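Structure first, commentary second.
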Amino acid sequence: MNFKESLQKVATKIKALWKTGKIQLASRITYDVAWSVILFFLITGFIAVFFIGGIGAGYFASLVKDEPLRSAEEMEKDIYNYEETSKLYFANDVYFGDVRSDLYREETTLENISPILTNAVIATEDEYFREHNGVVPKAILRALLQEVMNTSVQTGGSTLTQQLIKNQILTNEVSFERKAKEILLALRLEQFFDKDEILEAYLNIIPYGRDASGRNIAGIQTAAQGIFGINANEVNLAQAAYLAGLPQSPSAYTPFKNGGGLKDEAGVQPGLNRMKTVLNRMLDMNYITEDEYNEAINYDIVADFTGGVDSPNEIYPYLTTEIEKRAKSIIRNYLATEAGYTMEDLRKTDGLLEEYNTLADRALRMNGYQIHTTVNKEIYDKFQEVAKNFTQYGPDTVTTVKTEDGEAQIQQSVQASGVLIENSTGKIISFLGGRGFDEDNQINYMTRPRSNGSTMKPLLAYAPAMEKGIVQPGTPIADIPTSWGGYTPGNFDLRFHGILSARDNLTDSYNIPALKTYERVMNDNPVDQYLRKMGITTLADDEYANLSLAIGGTSKGVTLEENTNAYATFANNGQFVDAYMIDRITTVDGDVIYQHESKPVPVFSPQTSYLTLDMMRDVISEGSAAYLNSQLKYRNVDWAGKTGTSQNTENVQFVASNPNVTFGAWIGYKTPDSLVCESCDLHHTNRNIKLWAELVNAASDINPELMVPAENFARPDGIVEQSYCSISGMLPSDLCSRAGLVKTDLFNAKFVPTQRDDSLITGRQVIVNGKSVLAGAKTPAEFVQGDGLTFNPEFLKRNGYDRLSDLTQLFPAAERSKWEKIGIPSASIGSSVSDDGKAPGAPTSVTKSGSNLTWKIPGSKDVVGYRIYRAEKPGGKFTKIGQTTSTSYSIGNGAGVYHVKAVDYFGLESAASKEVAVGAPKVELPEKPEKAEEEKPEEEKTEEDSGEETAEETSEDTPPAEENAENSDTE
């Protein structure tokens, strides 16, 4: 049977069976069963899906239940609250670097980022960025499956939106809860922000490893600068691909080492491989062509890596450190004020000040502030150069210091500092912090308290005393040995200088007069009344009671900045303006959170300020800073200043002002030690003055308009010129005029002297040992000058001078000859003329000189005059022919024999001097001469005979002539 026949046979059977109805019944049963089974599985599947979905939804809800529902404003604040490095600026908005930070980031906008760079990022990190709504479900499921199956190689499941959420709102914690919150917040973020806003925020926050200097960097602009030295809108395709590949593993792919510098070839290779991966993805997504791809693959990207750049802290260590310190204080106050706290709250509440100091430090390094200073870049740079090249600091020294184990010796170099302040505004134009900033020497000596020595004198003694009318520039003050209990100060030259004006005492920086002046004002606490108003904060509350404070004897010291700032008060008409370095601080958006406002504080009257300046002009023109005149490049500037040297010569300062600026300079050792140097070319004071001058000369070259004003200090109204007696400071008397001791000086018109001088009286006096004293009871009247000048005993007593054992200590060296002509009252003679009961020695070297008889002063110290005697012939009777107080007496051409006797203060007369024969004395001849007259001896020739003057002393054996009682006049 063939196949056809078989098929027909089967069909016949099925047909017959169909007719019976059995096939229809069996099919209906099978269909019903199958459908029931399918329906069962469908229903079961739907139930399972809803059940599992419900469980998943419930689980998801439980994971995000604690996450608050954030508003658009809250999310915006969170997203854009990324850490950004604060920037530092010189004056006039000259950028010089960033604040030191653990992470460096500079914000930018999408407009300033190359489109090729954004395409590279999207191709690498989120290819569906433009289409999704914050999450990609299949990517989430894939990541979830990998997590469940614990797959070792996992593909990324986070969109750019999710990464932004993770970095800015959440953490890097690996957990379902964090992932669930991330998904929820990403979906919500996409509702509030468009794609460009999200992309811009992402590119500003993402980390990029390290830059060429080894600093941690974040943000695409910082990465472009730190890796290639270009801006984010300047990158080429290869550079864009390299940057886009870094965020996956910044530390592995960065080309630079932790400490800065390029990695070796093996270290750079991972980043290059990653760059090629990015290029492949860009090609796959048609962002680039095949030709662009090939060009970028073959590009030498390594050649584009930038070299290391020194940070501002390395270039400007003193400046950066000082700005950060001051900025942190300002930001702390700002944050506290924003939170409703006052500075008093911070100080009084335990832990609050520390908390806000911490918050301020964090804000300074993370909030991207722009800190604008007053410091002039050119002048600041020049200051550092001058200080580096200066050669007259003095030698290194070996200093012995105490240690826990006893003592140790350290070698150290002279340090230096300086600060330049604008008088009217308080701007710190420039400063010198020291001579080398390193790990062992991080001290800004401009802000380190040190004794200011004699620069304290104008601030604490003379200006306050002038303000109160106690002294004026011409006020006489005696520089004489003086003790205050156990305190017996001296002067730098180890001498005393008598009565000098306040001006002269300040000019030459004598200590005793400054202490005497301060003694008269110290009970009014001039520290509080004046110094604190001038910004000096380092002195203790009770330190004003220390007399030596007037000459710089402080317990802690005064900073150079505060000292210089205080001096600017005089140059600003007595108005103190606090010095400042930070002009303003703004946010990244340009909002000003701080703007400095100068607030002048009245301290001294314009008259006191001008008089102080005028006195300090003399310090430079002829006093302790006279060396400055030879060092200044611009000689016609009106400078007024003061030198200062502390105890043991450990600190040397010089501060001076012109009408525009005030500049102070200091030298000393880190650990205080003496600056005295016998082998140095310059005295320590002049070494500092030379440094001061070189810094000022450099600043003057750069900004002559500021540093070299054409005008002088303006004399205010109320200043007058007034004559006075330099003995008393009172209005001149006729006697003071006769003594030649009337002087003229400037006075505050309110405090000109009104009383007439009474320091002198007329009286009988004699000259003793070159000094004028009142005649005593036994003093021969013939030597007494009846109309001479004498110190008034009442004046001496009133000023305490009567207690001096030697009134000649009052005589100033400059005019000593005038003062010595003034008689000293007998009650004050003391040891000046003491009666030893002996006659004075005879005059010596008596000779005839022209028409005068001359001699030398005997060794006795109490001689008041001389009597001259003459005899007609040798051996004849001597008769007194005159007297004199000098060592010369005119005898004309009269022949005779002469001798001289000295007379002392107590009327005793000396033996006669050697005789001198002059001309041809009368000689008695015998009645009958035995021989003709012989030729005259040579010594007896007259002037006419010899043609020249002769005066020979007689033999030492010649007995003195008998003294005639009537010739020894006594009173």
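The values are calculated or read from the model by the stated rules, or taken from the named source; none is laboratory data. This structure is a prediction, so every number in the text was calculated from the model and none was measured. Every residue, glycine as well, gets a Cβ built from its backbone with ideal geometry; the counts of neighbours run over all protein chains shown.
Using the structure shown, decide if Val696 is in the same structural domain as Tyr610 (by TED's automatic domain parsing), within 26 Å of Gly394 (Cα to Cα) and buried (at least 16 other Cβ atoms within 10 Å of the Cβ). Step through it out loud before you land on a result.
Numbers: in the same structural domain as Tyr610 (by TED's automatic domain parsing): yes; within 26 Å of Gly394 (Cα to Cα): yes; buried (at least 16 other Cβ atoms within 10 Å of the Cβ): yes.
Answer is yes for this residue.
Are any of the residues in the stretch 803-815 under 18 Å from Val903 (Cβ atoms), aliphatic (A, V, I, L, M), without any contact (Cβ under 8 Å) to a residue 40 or more places away in the chain and surrounded by 15 or more Cβ atoms within 10 Å (Cβ to Cβ)?
Looking only at the stretch 803-815, we keep the residues that are under 18 Å from Val903 (Cβ atoms), and these are none.
No, because not a single residue in the stretch 803-815 is under 18 Å from Val903 (Cβ atoms), aliphatic (A, V, I, L, M), without any contact (Cβ under 8 Å) to a residue 40 or more places away in the chain and surrounded by 15 or more Cβ atoms within 10 Å (Cβ to Cβ).
Does any residue of the stretch 256-279 turn out to be within 24 Å of Ile79 (Cα to Cα), at pLDDT 90 or above and in contact with a Gly (Cβ under 6 Å, 6 or more places away or on another chain)? Spell out the reasoning first.
Filtering the stretch 256-279 for residues within 24 Å of Ile79 (Cα to Cα) gives none.
No, there is no match, as no residue in the stretch 256-279 is within 24 Å of Ile79 (Cα to Cα), at pLDDT 90 or above and in contact with a Gly (Cβ under 6 Å, 6 or more places away or on another chain).
Looking at the structure I just gave you, is Gln472 closer than 25 Å to Val601 by Cα and of a type outside the set (A, V, I, L, M)? Write out each step before concluding.
Working: closer than 25 Å to Val601 by Cα: yes; of a type outside the set (A, V, I, L, M): yes.
Yes, satisfied.
Specify which of the listed residues (Gly907, Gly894) is of a type in the set (Gly, Ala, Ser) and under 21 Å from Gln785 (Cα atoms).
Details: Gly894 fails: under 21 Å from Gln785 (Cα atoms).
Step by step, each of Gly907, Gly894 is checked, and only Gly907 is of a type in the set (Gly, Ala, Ser) and under 21 Å from Gln785 (Cα atoms).
Give just the number: which of (1) assigned to a loop (DSSP other than H, G, I, E, B); (2) more than 52 Å from the chain's Cα centre (by Cα); (3) free of Cβ contacts under 8 Å to residues at least 60 places away in the same chain; (4) more than 17 Å from Lys901 (Cα to Cα) does Ala777 not satisfy?
Ala777 satisfies all of (1) assigned to a loop (DSSP other than H, G, I, E, B); (2) more than 52 Å from the chain's Cα centre (by Cα); (3) free of Cβ contacts under 8 Å to residues at least 60 places away in the same chain; (4) more than 17 Å from Lys901 (Cα to Cα) except (3).
State which residue is modelled with the lowest pLDDT when the search covers only the stretch 666-704 and only residues that are small (Gly, Ala, Ser) and within 18 Å of Phe390 (Cα to Cα).
Selected residue: Ser679.
For the stretch 722-755, give me each residue that is in a strand (DSSP E or B) and over 24 Å from Ala478 (Cβ atoms).
none
Determine whether Phe496 is among the aromatic types (Phe, Trp, Tyr), surrounded by fewer than 24 Cβ atoms within 10 Å (Cβ to Cβ) and under 24 Å from the mean Cα position of the chain (by Cα).
Details: among the aromatic types (Phe, Trp, Tyr): yes; surrounded by fewer than 24 Cβ atoms within 10 Å (Cβ to Cβ): yes; under 24 Å from the mean Cα position of the chain (by Cα): no.
Answer is no for this residue.
Pull up the stretch 618-665, narrow it to residues that are of a type in the set (D, E, K, R) and either modelled with pLDDT of 95 or more or in contact with a strand residue (DSSP E or B) (Cβ under 7 Å, 6 or more places away or on another chain) (or both), then point me to the one that is surrounded by the most Cβ atoms within 10 Å (Cβ to Cβ). Steps first, please.
Pass one, the stretch 618-665, residues of a type in the set (D, E, K, R): 618, 622, 633, 635, 638, 642, 650.
Now drop any that are not either modelled with pLDDT of 95 or more or in contact with a strand residue (DSSP E or B) (Cβ under 7 Å, 6 or more places away or on another chain) (or both), which leaves 618, 622, 633, 638, 642, 650.
Values: Asp618: 19, Glu622: 13, Lys633: 13, Asp638: 16, Lys642: 32, Glu650: 18.
Among those that are of a type in the set (D, E, K, R) and either modelled with pLDDT of 95 or more or in contact with a strand residue (DSSP E or B) (Cβ under 7 Å, 6 or more places away or on another chain) (or both), it is Lys642.
Can you give me the number of residues within the stretch 868-890 that are polar (S, T, N, Q) and in a strand (DSSP E or B)? Spell out the reasoning first.
Going residue by residue through the stretch 868-890, those that are polar (S, T, N, Q) are 879, 883-888, 890.
Subset that is in a strand (DSSP E or B): 879, 883-884, 888, 890.
Within the stretch 868-890, residues that are polar (S, T, N, Q) and in a strand (DSSP E or B) number 5.
Between residues in the stretch 520-531 that are more than 14 Å from Phe576 (Cβ to Cβ) and touching a residue at least 24 places away in the same chain (Cβ under 8 Å) and residues that are in a loop (DSSP other than H, G, I, E, B) and not polar (S, T, N, Q), which pairs lie under 6 Å by C-beta distance while being six or more apart or on different chains?
Arg520/Ile470; Val527/Leu539
Residues in the stretch 643-659: is at least one under 27 Å from Ala463 (Cβ atoms), part of a loop (DSSP other than H, G, I, E, B) and of a type in the set (D, E, K, R)?
There is at least one residue in the stretch 643-659 that is under 27 Å from Ala463 (Cβ atoms), part of a loop (DSSP other than H, G, I, E, B) and of a type in the set (D, E, K, R).
Taking the stretch 399-443, which residues are of a type in the set (Asp, Glu) and either assigned to a loop (DSSP other than H, G, I, E, B) or touching a Gly at 6+ places or on another chain (Cβ under 7 Å) (or both)? Quick ask: steps written out before the conclusion?
Of the stretch 399-443, the ones of a type in the set (Asp, Glu) are 404-405, 407, 422, 438-440.
Scanning the stretch 399-443 gives Glu404, Asp405, Glu439, Asp440.
Hey, any hits in the stretch 553-563 for a residue that's among the hydrophobic types (A, V, I, L, M, F, W, C), assigned to a loop (DSSP other than H, G, I, E, B) and either under 22 Å from the mean Cα position of the chain (by Cα) or outside the structural domain of Thr109 (by TED's automatic domain parsing) (or both)? Break it down into steps so the answer makes sense when it comes.
Narrowing the stretch 553-563 to residues among the hydrophobic types (A, V, I, L, M, F, W, C): 558, 560.
Filter once more, keeping what is assigned to a loop (DSSP other than H, G, I, E, B): none.
There is no residue in the stretch 553-563 that is among the hydrophobic types (A, V, I, L, M, F, W, C), assigned to a loop (DSSP other than H, G, I, E, B) and either under 22 Å from the mean Cα position of the chain (by Cα) or outside the structural domain of Thr109 (by TED's automatic domain parsing) (or both).
Among the helices (runs of 4 or more DSSP H) confined wholly to the stretch 246-350, which include 2 or more residues that are within 29 Å of the chain's Cα centre (by Cα) and not aliphatic (A, V, I, L, M)?
312-315, 317-338, 343-348
Of the residues Thr538, Thr608, Thr569, which single one is surrounded by 16 or more Cβ atoms within 10 Å (Cβ to Cβ), assigned by TED's automatic domain parsing to the domain that holds Ser430 and part of a loop (DSSP other than H, G, I, E, B)? Reasoning before the result, please.
Details: Thr608 fails: part of a loop (DSSP other than H, G, I, E, B); Thr569 fails: part of a loop (DSSP other than H, G, I, E, B).
The unique qualifying residue is Thr538.
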